[in-house]
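Each value in this text was obtained by applying a stated rule to the coordinates, not by laboratory testing. Not measured: the values here are computed from a predicted model. Here Cβ is always computed from backbone atoms with ideal geometry, including for glycine, and neighbour counts include all displayed protein chains.
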């Protein structure tokens with residue numbers, strides 16, 4: 001059985017933008033998830049993508065991108081609970097990561113997930129997380 005992974009927002013942004021260096025790898029990850037690999041994201045990921053589109057004056061694409069993400073098979077979108085925020089506040093102090101990344105970690109802890117698809121190497125300092133970008 002394939003281990004469930006959390007997917008960082010950068011994977012979606014690289015794939016959506018056909019990033020010249022990382023886009024191909026990000027698309028491969030999302031295709032694998034769509035075909036067979038179980039994965040999760042949180043509503044924070046959706047919010048970050050919407051914010052990024054708004055920041056780049058692409059508000060008209062927000063609904064389309066949300067629907068596209070929701071169409072990925074084997075990708076579960078998790079709602080946050082208060083305990084996620086409380087645990088994330090501890091992770092901010094412990095790991096010195098930004099709060100949204102710590103929310104990812106809190107969701108991963110809640111669901112017993114140890115693998116994250118991300119290009120952000122700062123996740124490497126979290127001793128119980130295995131980061132993958134391949």
Angle between the Cα long axis of helix 82-95 and the longest principal axis of the chain, 0 to 90 degrees, nearest 10?
80 degrees
GNM flexibility winner over the chain from 118, 89, 71 (Cα, springs under 10 Å):
71
Highest mean packing first, using Cβ neighbours within 10 angstrom, the peptides 39-47, 13-21, 100-108 sort as 100-108, 39-47, 13-21
Under the rule of -39500 (n - 2.57) per DSSP H run of 4 or more residues, summed and divided by the residues of the chain, what mean residue ellipticity at 222 nm is obtained, to the nearest 500 deg cm²/dmol?
-16000 deg cm²/dmol
Just to confirm the number: angle between the C-alpha axis of helix 99-111 and the first principal axis of the chain, 0 to 90 degrees, nearest 10?
70 degrees
Packing-ranked peptide list from 122-128, 5-11, highest mean Cβ count within 10 angstrom first, is 5-11, 122-128
On C-alpha positions alone, give me the angle between the axis of helix 43-55 and the longest principal axis of the chain, in degrees, nearest 10.
50 degrees
How large is log10 I(q)/I(0) at q = 0.13, 0.19 Å⁻¹ when the Debye formula is applied to the Cα atoms of the chain, each weighted equally and without solvent?
-0.52, -1.15
Extension gain, residue 21 back to residue 96 (0.36 nm per residue minus Cα-Cα distance, nm)
24.3 nm
For the range 5-132, averaging the sequence separation of alpha carbon pairs under 8 Å that lie six or more residues apart and dividing by its residue count, the contact order in percent is 29 percent
